[in-house]
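Asks: Dropping a structure here in structure tokens format, bear with me for questions.
FYI, it's all coordinate maths here, none of it is from the lab. Everything quoted here is computed from the prediction, not taken from an experiment. Cβ: placed from backbone, ideal geometry, glycine included. Neighbour counts: every protein chain shown.
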Amino acid sequence: EGISDQAALTALAEGRGRDLRHEGVFIVPMGGATNIGAFAGLFGPRGLRARLAGLCDEAEEADFRHGLTRAGLPPGPGRAGLEQLGFYVCVADLEEEMIRSLGTGAVEQLIAAEGELTRFRTFTRQPAQRGRPAEQQLHRFMGTKSGRKARYGYVLAAALDPTCIPRPLDRVLAQTPTPLNGTG
């Protein structure tokens, strides 16, 4: 969908020793799920005929289905239909998937390492944040400043244990071709 997804997938690919550009794989942020129809139309079977894969948030699943259908890629029923086309749904979104996988303590440590723990603590004391679960506070904090979601998309993805990568991220990255014997 956006630049935070691009940052997370880039970090995961790097962690796997992959050079996506060398492999001819490009991660294109669309500026939101509602733009899937235009992007799939440009890059898909009616356009450049590139192999497509993607991520969307749970709340945008219907928009994704509609856009893919308009672009000539009608998904079958359910999430399995989207997955057959190479599209995966994050529950509820990318940040929640990674916060859940890492755990709140690890995410707070990453925020501290980024020099923002004081800002995060100040944020959690705001009236609207008091009493909310830590997962929700962390999720909301990442969206409070321009560029922060992309920054933490990369930071959180880079910190993921390779055996605990959220399924949508792992599967969409697996959709990209890998070079044979490292030769491209």
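Asks: Let me check against my output: what whole-number percent is the relative contact order of region 50-101, with C-alpha pairs under 8 Å and at least 6 apart?
Replies: After rounding, I find 45 percent.
Asks: Could I ask something else about it? Using the Kirkwood radius built from alpha carbon pairs, what does the Stokes-Einstein equation give as D for region 1-151 at 25 °C and 0.890 mPa s, in µm² per second?
Replies: Taking Rh from Cα pairs, D becomes 145 µm²/s.
Asks: Nearest 500 deg cm²/dmol is fine: what mean residue ellipticity at 222 nm does the chain get from its DSSP H runs of n ≥ 4 alone, each adding -39,500 (n - 2.57), divided by its residue count?
Replies: -15000 deg cm²/dmol
Asks: If the convex hull of the alpha-carbon atoms of region 97-159 is projected onto planes in all directions, what is the mean projected area in square nanometres?
Replies: 3.9 nm²
Asks: Taking the chain as a Gaussian network, Cα atoms linked when under 10 Å apart, which of Leu42, Leu169, Leu156 shows the biggest mean-square fluctuation?
Replies: Taking springs between Cα atoms under 10 Å, the residue moving most is Leu42.
Asks: At most 12 other Cβ atoms within 10 Å and a DSSP loop assignment: could you name the trypsin sites (Lys or Arg not before Pro) in region 109-176 that fit?
Replies: Passing sites in region 109-176 are Arg125, Arg130, Lys145.
Asks: Can you give me the orientation-averaged projected area of the convex hull built on the Cα atoms of region 39-108, in nm²?
Replies: Taking the Cα atoms of region 39-108, their convex hull projects to 5.2 nm² on average.
Asks: Would you grab the residues whose amide H sits under 5 Å from the one on Gly54? Only those 5+ places off in sequence or on another chain, please, with H modelled 1.01 Å from N.
Replies: Counting only residues 5 or more places away or on other chains, the set is Phe87, Tyr88.
Asks: Further question on the same structure: Could you let me know the centre-to-centre spacing of region 24-98 and region 152-177, using Cα atoms, in angstrom?
Replies: 17 Å
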